[in-house]
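Chemist: Supplied in structure tokens, the structure appears directly below.
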Amino acid sequence: MAGRLDGKVAIITGGNSGIGEGTAHLFAKEGAKVAIMARREAEGQQVQDAIRAEGGDATYIQCDVTDQGAIDSAVAETVSTYGAVNILFNNAGFGAGGQFPDETVESWNTVIDANLTGTFRMSKAVWPHLIEAGGGAIVNMSSIAAVIGFSKNMYDIAGRTPSASYYVAKAGIEALTRHTASMGGQHKIRVNCIRPGQVITPGATGGGTEHVFKKVFDLFQILDGPGYPIDVGNLVLFLSSDEARFITGEMVNIDGGTPRKL
């Protein structure tokens, strides 16, 4: 039985841990050749080696999405290694701890640069290769933070909230998704975006075992949580596959049923 991504070449940023790592394994099992792009070399090599041990095809390529030169070099290496690019999962990004109005301008710029501008940079670099391939799929990483607010009671329960820069970066990624999907239609390039909620990853747990906002999620989440990287990976796989051929410009929630969305 053929894999759902047989013959496809996929780039996954932030592919060395969490959702990116889980998706890289899943893509390789479905027949894709996977370029794992991330900053931390040791972790990236471990993911590469684990996928190869499973019989998959993956190559770690060091890349920092805040560095256009590094992106251009990494994309060129992917094409040199695998001959094309068909899929891009813009997964790399992170948040900050500062609360408005005390978040610094430096923190704001760092988060916007890594999340929003990094997604723009990588999409721009991959775009001509998707056109050359006759089309393809981009999946961007947002968050339910892009579309929800919070009450004083919610803030008091959690003791904090994601930074203003994180909210804005993710909302910007959604606007970028709509714009690039519009530009990509004529080239058979589909661009979609996902909004995870309570998903257990190293970054989301802060070194612990529970999501840092677990108490708030548990308050309004419809399904019992949490979710895991494989749950998100399955959604990214669907949106990247030909099964989603008639879906573009969409923001897809994967959050256990969070009712407070706009």
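The values are calculated or read from the model by the stated rules, or taken from the named source; none is laboratory data. All figures in this text were calculated on a predicted structure; none of them were measured in a lab. Reconstructed Cβ throughout: ideal geometry from the backbone, glycine too, with neighbour counts over all protein chains shown.
Chemist: Looking only at region 201-222, how many residues end up being in contact with a Gly (Cβ under 7 Å, 6 or more places away or on another chain), of a type in the set (A, V, I, L, M, F, W, C) and buried (at least 17 other Cβ atoms within 10 Å of the Cβ)?
Modeler: Going through region 201-222 one residue at a time, the tally reaches 2.
Chemist: May I ask you to list the residues in region 61-99 that are farther than 25 Å from V191 by Cβ and surrounded by 15 or more Cβ atoms within 10 Å (Cβ to Cβ)?
Modeler: Matches in region 61-99: Q62, A96, G98.
Chemist: Tell me the helices (runs of 4 or more DSSP H) entirely within region 161-262 that contain at least 2 residues that are at pLDDT 90 or above, within 30 Å of T104 (Cα to Cα) and under 18 Å from the mean Cα position of the chain (by Cα). Break it down stepwise before answering.
Modeler: Values: elements: 164-184, 202-205, 214-220, 229-240.
Counting at least 2 such residues, we get 164-184.
Chemist: So which of I87, I144 is within 24 Å of S163 (Cα to Cα) and either out of contact with any helix residue (DSSP H, G or I) (no Cβ under 8 Å at 6 or more places or on another chain) or among the β-branched types (V, I, T) (or both)? Talk me through it step by step, then tell me what you get.
Modeler: Numbers: I87 fails: within 24 Å of S163 (Cα to Cα).
Of the residues listed, the single one that is within 24 Å of S163 (Cα to Cα) and either out of contact with any helix residue (DSSP H, G or I) (no Cβ under 8 Å at 6 or more places or on another chain) or among the β-branched types (V, I, T) (or both) is I144.
Chemist: Within region 21-41, which residues are within 18 Å of V65 (Cα to Cα) and either touching a helix residue (DSSP H, G or I) at 6+ places or on another chain (Cβ under 7 Å) or modelled with pLDDT of 95 or more (or both)? Break it down into steps so the answer makes sense when it comes.
Modeler: Going residue by residue through region 21-41, those that are within 18 Å of V65 (Cα to Cα) are 21, 24, 34-41.
Those that are within 18 Å of V65 (Cα to Cα) and either touching a helix residue (DSSP H, G or I) at 6+ places or on another chain (Cβ under 7 Å) or modelled with pLDDT of 95 or more (or both): E21, A24, V34, A35, I36, M37, A38.
Chemist: Are there any pairs, at least 6 apart or on different chains, whose C-beta atoms fall under 7 Å, with the first in region 16-44 and free of Cβ contacts under 8 Å to residues at least 24 places away in the same chain and the second surrounded by fewer than 22 Cβ atoms within 10 Å (Cβ to Cβ), and if so, which?
Modeler: Correct list of pairs: E41/Q62.
Chemist: Going by what's in this entry, would G18 be described as within 18 Å of the chain's Cα centre (by Cα), at positive phi and either surrounded by fewer than 24 Cβ atoms within 10 Å (Cβ to Cβ) or among the aliphatic types (A, V, I, L, M) (or both)?
Modeler: Numbers: within 18 Å of the chain's Cα centre (by Cα): yes; at positive phi: yes; either surrounded by fewer than 24 Cβ atoms within 10 Å (Cβ to Cβ) or among the aliphatic types (A, V, I, L, M) (or both): yes.
Taking the combined requirement at face value, the residue satisfies it.
Chemist: Related question: Out of G257, G233, G225, I need the residue that is small (G, A, S), buried (at least 16 other Cβ atoms within 10 Å of the Cβ) and over 21 Å from G31 (Cβ atoms). Which one? Quick ask: steps written out before the conclusion?
Modeler: Working: G257 fails: buried (at least 16 other Cβ atoms within 10 Å of the Cβ); G233 fails: over 21 Å from G31 (Cβ atoms).
Only one candidate passes the filter, namely G225.
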